Amino acid sequence: MKEFLEICGKDYEFVHTIRYWTGSYKLGFGDKIYLIRFKNGKIDGFEENVPADTAATCWTVGPVRTWEEMLKPIPKPGFNSFRPAMFYHDMKLSQGNAVIQFPMLNRFLVLLRSYYNGGVN
Amino acid sequence: MAKFEPIKGGYVNLTIDGIEYRVYYEEAGKGIPFLLQHTAGAEGIQYRCLLNDADVTKNFRCIAYDLPFHGKSLPPLEHDWWKERYLLTLDFLMKFQDAFIKAFELKRPAYMGSSMGGHLAADLAYHCPEKYCALIGLEGSLVTAPQHSRHSANDAYFEMYDNPFIGKEALGGSMDMIIAVQTPERRRKEITWCYNKSGPGVFAGDINYYNHDHDLTGKADRIDVGKCMLYLLTGSYDPATKPSDTKMLADQVKGSYFKEMENLGHFPVTENYDLFKTFLMPVLEDILKREKGKR
């Protein structure tokens with residue numbers, strides 16, 4: 001996660017999506033749950049193996065089987081982003097005011113998919 | 001040397017229910033009139049590639065308009081629109097169509113619309129097929145799927161998309177999630193840009209029609225394609241209207257045309273026009289064949 005977040009921190013598009021933001025992102029791959037913190041528009045560290053009920057500004061928490069499909073280079077329909085995965089594949093996606101983090105989540109997923117497949121984006 | 005496009009823009013003033021609206025439109029081509037309806041919260045610029053496509057414009061007079069409150073069409077100039085919540089309705093959309101067709105003196109135009117415009121194709125087929133020569137619904141269905149419409153237009157959608165504490169980029173980010181994964185990045189950014197610059201609360205207001213007014217449950221089997229052919233095309237990556245949702249409508253409209261569009265999502269016209277065109281051209285050729293000798 002540390003190496004991946006360093007990639008995020010160097011990605012102009014990702015950094016642009018978190019500009020001025022102070023908050024946190026809970027990222028759950030099945031039982032493995034991370035909490036990534038942001039402060040004044042920068043990544044401010046992370047914790048791993050946090051409890052499932054840890055409070056966060058936004059979150060994407062889903063079954064491992066859903067993530068495995070989402071992280072394929074060309075995911076199948078229904079797995080290409082968080083909203084379809086929420087509608088049809090048990091992904092929990094923060095709503096309400098947290099939709100303001102959607103651009104960040106979109107870029108995060110693109111970078112994670114690239115990283116997961118050994119690529120550089 | 002500067003490159004000019006064969007598209008001409010203009011304004012027409014239409015009166016609907018006693019209120020005058022200054023409506024922007026762009027057109028190109030000659031032949032069968034072809035009205036082009038944009039998606040919720042968007043504008044006619046979504047059809048810029050089609051308007052530049054000579055394969056289409058050599059046989060069709062293509063007209064893409066911005067509904068009032070969208071794109072270059074301002075809210076009504078002589079009406080206190082800010083004193084009430086903006087809500088789009090089926091009634092308004094149908095009256096808008098009538099006023100537009102009358103103003104341009106169009107004879108039985110073809111119509112194509114995407115998303116809410118796709119829903120509208122089916123509604124027009126049900127309510128007034130005699131006014132059109134063909135109706136093409138992109139990403140349309142019998143009714144909006146319950147997982148999208150469970151919230152009323154007055155709560156969750158407005159909280160998310162007409163919220164002064166949420167920046168406009170949230171809307172583009174939300175639309176980004178229903179675009180096909182194969183979409184070229186430049187086209188993806190064009191779609192989200194278009195949404196990010198939409199009028200405040202307009203997307204949420206449009207969803208009133210999309211989620212609530214549109215419902216052909218128990219009615220669709222009465223659509224008569226003998227009066228006007230209904231073509232239905234839906235992208236395989238659209239989670240808002242899945243191909244199976246559209247097929248449910250097609251199955252109820254005897255004789256309608258249905259095709260799933262591989263590798264396209266909720267915005268097929270803009271995501272990848274060249275790919276979309278491979279699905280559109282057989283439909284347009286069929287319309288030309290059916291209209292031969294009728295005009």
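Quick notes on this one:
- Rounded if a/c under 1.5, otherwise prolate or oblate - region B:83-177, Cα gyration tensor axes: prolate
- Other protein chain C-beta atoms within 10 Å of residue C-beta, averaged over A:75-82: 6.
- Considering only beta bridges that DSSP places wholly inside region B:8-291, some 35 percent are antiparallel.
- Förster radius 35 Å - calculated FRET efficiency between A:H89 and B:D224, Cβ distance, rounded to 0.05: 0.35
- Inverse of mean 1/r across different Cα pairs in the protein assembly as shown, Kirkwood, Å: 22.3
- Translational diffusion of region A:1-40, µm² s⁻¹ [Kirkwood Rh, Cα pairs; Stokes-Einstein; 20 °C; 1.002 mPa s]: 194
- Considering only B:K168, B:K102, B:K131, the Gaussian network model of chain B with Cα springs below 10 Å gives its largest mean-square fluctuation to B:K102.
- Alpha carbon centroid spacing (whole Å) that separates region B:226-278 from region A:40-77: 32
- With all protein chains in place and ligands, DNA and RNA left out, the 1.4 Å accessible area ranks B:W193, A:W21, A:W67 as B:W193, A:W21, A:W67, largest first.
- Projecting the Cα atoms of A:A98, A:L27, A:I74 onto the charge dipole of region A:1-98, computed from C-beta unit charges around the Cα centre, puts A:A98 farthest toward the positive end.
- Rounded if a/c under 1.5, otherwise prolate or oblate - chain A, Cα gyration tensor axes: rounded
- Convex hull volume of the Cα atoms of region B:8-291, normalised per residue: 117 Å³.
- Here the calculated FRET efficiency for B:T89 and A:E13, from their Cβ-Cβ distance with R0 = 51 Å, stands at 0.85, rounded to the nearest 0.05.
- Rounded to the nearest 20, the Cβ-based charge dipole of chain B about its Cα centre (Lys and Arg +1, Asp and Glu -1) stands at 1020 debye.
- Cα shape, region A:48-104, gyration tensor, a/c 1.5 rule: oblate
- Spin-label model, B:W81/B:E20: points 7 Å from Cα along the beta carbon direction are separated by 1.5 nm.
- Taking every DSSP beta bridge that has both ends in the protein assembly as shown, the antiparallel portion is near 50%.
- Cα centroid of region B:56-105 to Cα centroid of region B:192-220, whole Å: 14
- Rg over Rh, two decimals, region B:1-71 (C-alpha only, Kirkwood Rh): 1.02
- Across the accessible surface of the protein assembly as shown, with the other protein chains kept in place and a 1.4 Å probe, carbon and sulfur atoms take up 52 percent.
- Filter on B:K102/B:K168; B:K30/B:K294; A:K2/A:K39; A:K76/B:K168; A:K32/B:K168; B:K72/B:K289 - keep pairs with C-alpha separation over 24 Å: B:K102/B:K168; A:K76/B:K168; A:K32/B:K168; B:K72/B:K289
The values are calculated or read from the model by the stated rules, or taken from the named source; none is laboratory data. What you see is a predicted model; the values in this text were computed from it and never measured. Methodologically, a virtual Cβ is constructed for each residue, glycine included, from the backbone with ideal geometry; neighbour enumeration extends over all protein chains shown. Ligands, DNA and RNA are excluded from the accessible area calculation, which covers all protein heavy atoms including side chains. Shrake-Rupley method; radii C 1.70, N 1.55, O 1.52, S 1.80 Å.
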